[in-house]
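**Q** Can you keep this structure in mind? I'll have questions shortly.
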Amino acid sequence: MTLRLAALVTGLLLVIGTPLAWWLARTRSRLRPAVEAVTALPLVLPPTVLGFYLLIAFNPRSALGAAWLDITGQTLTFSFAGLVIASVIYSLPFTVQPLQAAFAQVGRAPLEAAASLGASPLDAFLSVASPLAIRGYLSAAVLTFAHTLGEFGVVLMVGGNIPGETRVVSIAIYELVETIDYGQAHVLSAILVALSFTILFALYLLNGPGRAR
């Protein structure tokens, strides 16, 4: 379930984060600092604070929670769907910031050259900007996936600890420690450490100074 959650959140955020990062990298709007601050907010907010407000927003008596309940017949609170939405919000900066930096490095010259050859803005983005920003996409995907693997406070507040529905590895480790089952806690923790290290090692290896830009 943890891997499924991380993979789904990563995929969704690459789709959602790309236009936002592109806008932030190129806009001269006065709203940019405010949008950047909101995007980066999960980096500094305690997870329990964010989880608390998401729990309020997902409540069946709220507008969002009630609409979701009417459409799907299920609540957003204490459900896998709620975990996905909460994780998307919590991991947003880990996708947007690497993409924004990559798009900023692309600059305007390649896009202007593509436009002079008759490429539409969308075509220039897909055929020029995206390939040039491939390292940003790689970093965003890896960091988002790794960050989602280790989420605890937000997923506990929104999803609780329902076996087969919302119990992810971080919650399972917490429960094992509470029941003084340190052996199993060691096993799950070691797996998480090894997986996270492998993911980050691969990222730094691919992005090392010896690689062509």
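The values are calculated or read from the model by the stated rules, or taken from the named source; none is laboratory data. In this text the structure is predicted, and so the values were computed from the model without any measurement. Don't worry about glycine lacking a Cβ; one is built from the backbone with ideal geometry, like all the others, and counts go over all protein chains shown.
**Q** Considering each residue of region 8-30, count those that are buried (at least 17 other Cβ atoms within 10 Å of the Cβ) and of a type in the set (S, T, N, Q), and give that number.
**A** Summing the residues that are buried (at least 17 other Cβ atoms within 10 Å of the Cβ) and of a type in the set (S, T, N, Q) in region 8-30 gives 2.
**Q** Still on this structure, I have one more. Can you tell me which of 127, 189 is at pLDDT below 90, among the hydroxyl-bearing types (Ser, Thr, Tyr) and surrounded by fewer than 19 Cβ atoms within 10 Å (Cβ to Cβ)? Reasoning before the result, please.
**A** Details: 189 fails: at pLDDT below 90.
None of the others qualify; the one that does is 127.
**Q** Between a residue in region 124-138 that is in contact (Cβ under 8 Å) with a residue 12 or more places away in the chain and any residue that is of a type in the set (A, V, I, L, M) and outside any helix (DSSP H, G or I), which pairs come within a Cβ distance under 8 Å, given they are 6 or more apart or on different chains?
**A** Taking only residues 6 or more apart or on different chains, the pairs are 127/119; 128/119.
**Q** Does residue 144 fit the bill of being touching a helix residue (DSSP H, G or I) at 6+ places or on another chain (Cβ under 7 Å), of a type in the set (Ser, Thr, Tyr) and part of a helix (DSSP H, G or I)?
**A** On the way: touching a helix residue (DSSP H, G or I) at 6+ places or on another chain (Cβ under 7 Å): yes; of a type in the set (Ser, Thr, Tyr): yes; part of a helix (DSSP H, G or I): yes.
Taking the combined requirement at face value, the residue satisfies it.
**Q** Exactly one of (1) within 20 Å of the chain's Cα centre (by Cα); (2) at pLDDT below 90; (3) over 21 Å from residue 39 (Cα atoms); (4) surrounded by fewer than 17 Cβ atoms within 10 Å (Cβ to Cβ) is unmet by residue 167. Its number?
**A** (4)
The rows are residues; the columns are (1) of a type in the set (Gly, Ala, Ser); (2) within 21 Å of the chain's Cα centre (by Cα); (3) at positive phi.
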| residue | (1), (2), (3) |
| --- | --- |
| 103 | no, yes, no |
| 111 | no, no, no |
| 114 | yes, no, no |
| 123 | no, no, no |
| 126 | no, no, no |
| 135 | no, yes, no |
| 139 | yes, yes, no |
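**Q** Could you list, in sequence order, the residues of region 57-101 that are assigned to a loop (DSSP other than H, G, I, E, B) and of a type in the set (D, E, K, R)?
**A** Start the filter on region 57-101 by keeping residues that are assigned to a loop (DSSP other than H, G, I, E, B), which leaves 59-62, 73-79.
Answer for region 57-101, where residues must be assigned to a loop (DSSP other than H, G, I, E, B) and of a type in the set (D, E, K, R): just 61.
**Q** Go through region 31-51 and report how many residues are touching a helix residue (DSSP H, G or I) at 6+ places or on another chain (Cβ under 7 Å) and either hydrophobic (A, V, I, L, M, F, W, C) or surrounded by 15 or more Cβ atoms within 10 Å (Cβ to Cβ) (or both).
**A** Within region 31-51, residues that are touching a helix residue (DSSP H, G or I) at 6+ places or on another chain (Cβ under 7 Å) and either hydrophobic (A, V, I, L, M, F, W, C) or surrounded by 15 or more Cβ atoms within 10 Å (Cβ to Cβ) (or both) number 9.
**Q** Somewhere in region 126-134, is a residue under 30 Å from residue 50 (Cβ atoms), in contact with a Leu (Cβ under 8 Å, 6 or more places away or on another chain) and in a helix (DSSP H, G or I)?
**A** Kept after step one, since they are under 30 Å from residue 50 (Cβ atoms), are these residues of region 126-134: 133.
The next check asks that each one be in contact with a Leu (Cβ under 8 Å, 6 or more places away or on another chain); those that pass are 133.
Now narrow it down to the ones that are in a helix (DSSP H, G or I): none.
No, because not a single residue in region 126-134 is under 30 Å from residue 50 (Cβ atoms), in contact with a Leu (Cβ under 8 Å, 6 or more places away or on another chain) and in a helix (DSSP H, G or I).
**Q** Within the group 5, 54, which residue is surrounded by 15 or more Cβ atoms within 10 Å (Cβ to Cβ), of a type in the set (A, V, I, L, M, F, W, C), under 14 Å from the mean Cα position of the chain (by Cα) and part of a helix (DSSP H, G or I)? Let's see the steps before the verdict.
**A** Working: 54 fails: under 14 Å from the mean Cα position of the chain (by Cα).
Result: 5 is the single residue among 5, 54 that is surrounded by 15 or more Cβ atoms within 10 Å (Cβ to Cβ), of a type in the set (A, V, I, L, M, F, W, C), under 14 Å from the mean Cα position of the chain (by Cα) and part of a helix (DSSP H, G or I).
**Q** Filter region 17-28 down to the residues that are in contact with a helix residue (DSSP H, G or I) (Cβ under 8 Å, 6 or more places away or on another chain) and not hydrophobic (A, V, I, L, M, F, W, C) and list them by number.
**A** 17, 18, 26
**Q** Among the candidates 100, 105, which residue alone is in contact with a Leu (Cβ under 9 Å, 6 or more places away or on another chain), surrounded by 15 or more Cβ atoms within 10 Å (Cβ to Cβ) and more than 14 Å from residue 155 (Cβ to Cβ)?
**A** Criteria check complete, one pass: 100.
**Q** Right, another one. Pairs under 9 Å by beta carbon, first residue on the phi > 0 side of the Ramachandran plot and in contact (Cβ under 8 Å) with a residue 24 or more places away in the chain in region 63-87, partner of a type in the set (Val, Ile, Thr) and part of a helix (DSSP H, G or I), six or more apart or different chains?
**A** These pairs meet every condition: 78/158.
**Q** What's the total number of residues in region 8-51 that are assigned to a helix (DSSP H, G or I), farther than 21 Å from residue 137 by Cα and basic (Lys, Arg)?
**A** Qualifying residue count for the region: 1.
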